[in-house]
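The values are calculated or read from the model by the stated rules, or taken from the named source; none is laboratory data. Everything quoted here is computed from the prediction, not taken from an experiment. We place every Cβ from the backbone using ideal geometry, glycine too, and count neighbours over all the protein chains shown. Surface areas here come from the heavy atoms of the whole protein model, side chains and all, with no ligands, DNA or RNA. Shrake-Rupley method; radii C 1.70, N 1.55, O 1.52, S 1.80 Å.
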Amino acid sequence: MNTVQSTTITTATAPGCEPRLLVTQQGREDLAAYRERDGYRPLADTDELLSEVEASGLAGRGGAAFPLAVKLRTVRDNGRVAHGAVVVANGEEGEPASIKDRWLLRNRPHLVLDGLRLAAAIVGAAKAYVYVSEPESAHSVETALGELDPDTFGTTTVSVVTVQPGYVAGEETAVVRAINGGPAKPTDKPPRPFEAGVDERPTLVSNVETLANLPYLQHHGAASYRSQGSPLSSGTFLATITGAGRPTVLYELPHGLPFTELLALHGVSPDQVRGVLMGGYFAGLLNQRVLETSLDHETMRRFGSGLGCGAISVITDECPVAVAASVLGYFDRENAGQCGSCFNGTAAMAAAAGALRDGAATTEDVDRLRRWSVVLRGRGACATLDAATNVAASLLDQFPNEVAQHLDGACQDCAGHPFRADRPYAADAVRQA
Ligand SMILES: Cc1cc2nc3c(=O)[nH]c(=O)nc-3n(C[C@H](O)[C@H](O)[C@H](O)COP(=O)(O)O)c2cc1C
Ligand code: SF4
């Protein structure tokens, strides 16, 4: 294992996995260092690069794993009709348990900017934005922009937009709304950003890790990109691992790595593992069956879960009921308060799960929680309610014994000091450093 201690975030790669993003270095990579790695290579043929992106199978790293090539092609084509397109590197990283995007922005701002440059060239964008909420990330990108020749981006103008952090602030319609001068809160869809986004132009909103893969693709091509990963989940990905009483580590891993191998890297015995919270707070809980999984989209889907943004919190000593109650409490506080179903639904689910944690719930409360976890799915302007229903449904499905113990008031873990956290498994130490 190749381990690097950066100023604030410990990074590591799996044995035999040549890092593409977490390359060995200390601190911010400046322009000279990035150019030494062959960055900002001239791009002669945008269609050729788009074909490579398509052949690579590169999927978005912001949570939904949507194919980047499809978004690029759609925004390019819509932009031709609308006489202009916009590209946005989404580095807001609202998931408390994730640290990858700010690592890239702080340490490899030129890699992100190079990816943004390539995306802008493919879609023919007149404007490009880097959208962040963390001051250190903003400073790093501003400094990198200051180092660049003005013509690096051709005729595309590049701006950094900084917003207040929040769980919903990185949702794509919130991103567009904030760049257009409004609050960083989601709007109804349609239109989606690829139809009408910033300045009403077709807009590509892509996660910074997604874009950071483009320079590798330009340099090495799709076949090399696919030399790591599984057939349906190509390449490497960044995984923020929290929990298990261990310090947070940011890993670059090949898709398809067995979960038990990640545990070994992280120094956690499989015997300790009760389950995981997957995809940050989005994909819900998974019980000990996680030990049978590998880290790729197809396997995670088969287990009813998801990799999401690659944040995985390993649950060892905490009671899963208490973990779910904390996460639902977070959604209750962090939802944008715009949609009745979400505002009321997250409050009701948080209250039911909190009562269950505290031994004050009845079977009717649990039945209600189960019903809400079904009927509230898909409601609201953004997918926050889906995240909350994932957490509630997975708790009830994956941990029936713990739920029953709580109904009987017999959970030993929660007897004295139940797990309570405003932002469970938040990568706080590194966020504040
Ligand atoms: C509630 C909510 C919050 C989100 N927060 C982020 C975020 O912080 N960063 C991010 O890149 N994507 C976030 N997303 C996903 C974006 O809407 C969008 O799908 C993503 O930026 C697209 O990039 P990708 O295709 O590269 O994954 C969020 C989605 C939802 C529903
Ligand atoms: S679904 Fe919830 S978080 Fe999303 S916009 Fe509506 S109120 Fe806000």
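Numbers at a glance
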read-out: For the chain, share of DSSP beta bridges that run antiparallel, in % to the nearest 5; value: 40 percent
read-out: Dimensions in Å of the chain - Rg and Dmax from alpha carbons; value: 21.3, 68
read-out: FRET E, pair residue 261, residue 83, Förster distance 56 Å, beta-carbon r, rounded to 0.05; value: 0.65
read-out: Mean projection area, nm², convex hull over Cα of the stretch 34-139; value: 7.4 nm²
read-out: Where N is the number of residues in the stretch 148-254, Cα Rg divided by 2.2 N^0.38 Å; value: 1.35
read-out: Per residue accessible area of the stretch 290-330, 1.4 Å probe, in Å²; value: 25 Å²
read-out: Cα-centred dipole magnitude for the chain, charges only on beta-carbon of K, R (+1) and D, E (-1), debye, nearest 20; value: 480 debye
read-out: Top of 313, 98, 51 by mean-square fluctuation, Gaussian network on the chain, Cα under 10 Å; value: 51
read-out: Residue of 416, 235, 39 that the Gaussian network model of the chain assigns the largest fluctuation, springs spanning Cα pairs under 10 Å; value: 416
read-out: Residue-span extension gain [residue 227 to residue 26] - 0.36 nm each, minus C-alpha spacing; value: 69.7 nm
read-out: In nm, spacing of pseudo-spin labels at residue 47 and residue 317 (7 Å Cα→C-beta vector); value: 6.1 nm
read-out: 222 nm mean residue ellipticity, helices alone, for the chain (DSSP H n ≥ 4; -39,500 (n - 2.57); rounded to 500); value: -12500 deg cm²/dmol
read-out: Cysteines without a disulfide-compatible neighbour (Cβ-Cβ under 4.7 Å), the chain; value: 17, 309, 319, 382
read-out: Cα centroid separation, the stretch 46-89 to the stretch 127-160 (Å); value: 20 Å
read-out: Rule-of-thumb Rg ratio for the stretch 313-433 [Cα; 2.2 N^0.38 Å; N residues]; value: 1.04
read-out: Long-range Cα-Cα pairs in the stretch 69-204 (distance over 21 Å), rounded percent; value: 39 percent
read-out: Most mobile of 113, 238, 369 in a GNM of the chain (Cα contacts under 10 Å); value: 369
read-out: Ranked by how many other beta carbons lie within 10 Å on average, peptides 292-304, 240-252 from highest; value: 240-252, 292-304
read-out: Computed over the stretch 297-346, Cα set: Rg, Dmax in Å; value: 13.9, 36
read-out: Solvent-accessible area, 1.4 Å probe, carbon plus sulfur percent, for the chain; value: 49 percent
read-out: Per-selection Kirkwood Rh - the stretch 241-400 (Cα, Å, 1 d.p.); value: 15.9 Å
read-out: Dmax and Rg, reported as Rg then Dmax, of the stretch 275-367 (C-alpha, Å); value: 14.4, 40
read-out: Spatial separation of Cα centroids for the stretch 10-40 and the stretch 204-272, in angstrom; value: 15 Å
